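Data block below; observations after.
The values are calculated or read from the model by the stated rules, or taken from the named source; none is laboratory data. Owing to the predicted nature of the structure, the values given are computational and were not obtained by experimental measurement. Here the Cβ positions follow ideal geometry from the backbone for every residue, glycine too, while neighbour counts run over all protein chains shown. In case anyone asks, the SASA skips ligands and DNA or RNA and just uses the protein heavy atoms, side chains included. Shrake-Rupley method; radii C 1.70, N 1.55, O 1.52, S 1.80 Å.
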Amino acid sequence: MEEKFLEKEYNIPYEIFGEAYTDFQKKYVNPRNYILMGIFIALGFVYVYSALKDPNNTIAYLLMVVCFAFAGINWYNPKRIKRSLMEGIRGIENEKYKLELFESHIEISTLVPPKEIEEVDENNIDSDHERELFGDKPDEVAESSKLYFNDRLKIVEKDKFFILYQLKELFYVVPKSGFSDDELEIFRKKIGINE
């Protein structure tokens, strides 16, 4: 069994997730979209020139409109996607997560609280006694992801959080607010970030 260096439960505040997603878009989404926008705008101006040169060329007008429309779509889509994602995040804003730091990987789990304890029948003394002895049930792990330390895992430290990138489509946010200074130091040292 691998040694566990750190285990911590945390929530991701709505504002922190918004900042992290903006950083993710700047790194992976926006550069591609700006290139595509530039290509479509350049093509659009080629068709503008063609339409001005030959006003009867209806295909040039059509292609000009199509190119400018695609440029607009590439500009607007990231904003629409972020707005939609942030609306969805409002519903899971209070979910709890657990980070476990091992020698070879980081494991991030989504925690689900146990189902509410059903009303106890007055004649059922055993359930009360069990709760008194063992306390409430611990949270259950709903989903777990292992992020192995390799070339595909990138970790970036920001003022309020860490972003863990795995591939260009997937990222995890780990806010610093729930961690002590010692825990942050252990995390930084293990992932190779020196302050």
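Taking the criterion of being in contact (Cβ under 8 Å) with a residue 40 or more places away in the chain, in a loop (DSSP other than H, G, I, E, B) and either in contact with a Gly (Cβ under 9 Å, 6 or more places away or on another chain) or open to solvent by less than 80 Å² (accessible area, probe 1.4 Å) (or both), the residues of segment 157-184 that qualify are Lys158, Gly178, Phe179.
Out of all the residues in segment 50-57, is one or more farther than 26 Å from Lys154 by Cβ, touching a helix residue (DSSP H, G or I) at 6+ places or on another chain (Cβ under 7 Å), part of a helix (DSSP H, G or I) and open to solvent by 50 Å² or more (accessible area, probe 1.4 Å)? No, segment 50-57 has no match at all. Listed conditions (1) part of a helix (DSSP H, G or I); (2) of a type outside the set (S, T, N, Q); (3) open to solvent by less than 70 Å² (accessible area, probe 1.4 Å) are all met by Leu6, apart from (1).
From the list Phe45, Phe40, Phe24, the lone residue that is at pLDDT below 90, aromatic (Phe, Trp, Tyr) and in a helix (DSSP H, G or I) is Phe24.
When every residue of segment 16-26 is checked against the conditions, at least one turns out to be farther than 16 Å from Asn77 by Cα and small (Gly, Ala, Ser). Glu15 passes every criterion in (1) farther than 30 Å from Val65 by Cβ; (2) open to solvent by less than 60 Å² (accessible area, probe 1.4 Å) apart from (2). For segment 132-145, the condition holds for at least one residue, the condition being that it is modelled with pLDDT of 75 or more and surrounded by 11 or more Cβ atoms within 10 Å (Cβ to Cβ).
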